[in-house]
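Below: one structure, written as structure tokens.
The values are calculated or read from the model by the stated rules, or taken from the named source; none is laboratory data. All figures in this text were calculated on a predicted structure; none of them were measured in a lab. No Cβ is skipped: glycine too gets one built from the backbone with ideal geometry, and neighbour counts run over all protein chains shown. For the accessible areas, the whole protein counts, side chains as well, though only heavy atoms, and no ligand, DNA or RNA atoms are used. Shrake-Rupley method; radii C 1.70, N 1.55, O 1.52, S 1.80 Å.
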Amino acid sequence: MSPRDDLFFIHFFCGNTEIPKDFKATEYKRMALYKAIVEFIRAYANLKADFQEANFSDAEIKRINDKLESFLLLREIIRNANNETIDLKSYEADMRYLIDTYIRAEESVTISPFDDISLSALMETNMGTAIDQLPNGIKGNPEAVAETIENNVRSKIVEEHLLDPKYFDQMSILLQELIEKRKRDALDYQSYLIEMAELIRQVNRGKKDDVTTSINTIGKVAIYYTLEDENLTIACEEAIQYAKQDGFRENLAKQQLVKKAIYQVVNDKEKVETLYKIIEAHKDEY
């Protein structure tokens, strides 16, 4: 069997970046991995104090410790490769204690000195620094770096898709084209990083640079990309704001009032359903 390096595991747990559906299709593998590692940590913690009494040899103890180290490193590699974090709030207090105790600080990846700057944001502003913060097994391999970046961008697109389906569909196409160019060796590594940083900027911004200043909220931008008309967008947004009532997402009658208001502007049932899904997703604005 050939050696299984970090890139092998990224492929196995994250899929093929050329196939957009692979990102979601492999999610169950990543969740199973994270769960299994947590279970291993618990078992390790329960047994660690009794290694000697259980008559483990020094070689066996070292093998178990090495296995723990390798699992924790693998978790970090896959987590970084997909822009995923483990929400420790979902674990009970003793489990959080075990994770804090047995995952060493140096194994955690600090993306920047500012807690509110994500990996994708850092890639947009300083790609070199972002790459340097990746685990050693990734940053030393240009292909692993590229696939880590691509999976991070894919994760952001999937996460934000409901907020503006049309825009993020376009971003997904641009990502796919850039991946294919890289695979064909159609551009060198540095050019690839430059183009990827620009794509990340567009993904993070959530709109194109040529959107008029009157379309001044993320919700309006999403409506605009669906209707492709500035005046219609403003009219639709005003109608929505006038018709929506508190708790409309949980109340069918209130939903119908919003949809009716949209229909009176766009006169298209299919667009009504598309726009309503966008509005429902924008909880901060509607």
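Of note, Leu178 does not satisfy the criterion of being over 21 Å from Phe13 (Cβ atoms) and surrounded by fewer than 21 Cβ atoms within 10 Å (Cβ to Cβ). Identify, please: which residue in segment 161-174 is crowded, with 19+ Cβ neighbours inside 10 Å and either of a type in the set (Phe, Trp, Tyr) or free of Cβ contacts under 8 Å to residues at least 60 places away in the same chain (or both) and is, among those, nearest to Glu18 (Cα to Cα)? Checked segment 161-174; the qualifying residue nearest to Glu18 (Cα to Cα) is Met171. For segment 241-263, give me each residue that is surrounded by fewer than 18 Cβ atoms within 10 Å (Cβ to Cβ) and within 26 Å of Thr213 (Cβ to Cβ). Passing the criteria: Gln241, Tyr242, Ala243, Lys244.
Being at pLDDT below 85 and over 25 Å from Tyr286 (Cβ atoms), is that true of even one residue in segment 139-162? Yes, there is a match, as at least one residue in segment 139-162 is at pLDDT below 85 and over 25 Å from Tyr286 (Cβ atoms). Just one of the listed residues (Glu270, Glu228, Glu238) is open to solvent by 70 Å² or more (accessible area, probe 1.4 Å) and within 26 Å of Lys156 (Cβ to Cβ), and it is Glu228. When Lys259, Lys271 are screened for being more than 14 Å from Lys166 (Cβ to Cβ), modelled with pLDDT of 90 or more, out of contact with any strand residue (DSSP E or B) (no Cβ under 9 Å at 6 or more places or on another chain) and not in a loop (DSSP other than H, G, I, E, B), only Lys259 passes.
Taking helices (runs of 4 or more DSSP H) as the structural unit, those lying wholly within segment 1-86 and holding at least 1 residues that are of a type outside the set (D, E, K, R), open to solvent by 20 Å² or more (accessible area, probe 1.4 Å) and more than 29 Å from Gln176 (Cα to Cα) correspond to 27-48, 58-82. Remark: pairs (first residue in segment 16-28, in contact (Cβ under 8 Å) with a residue 24 or more places away in the chain; second residue assigned to a loop (DSSP other than H, G, I, E, B); Cβ separation under 7 Å; 6+ apart in sequence or on different chains) = Phe23/Gly15.
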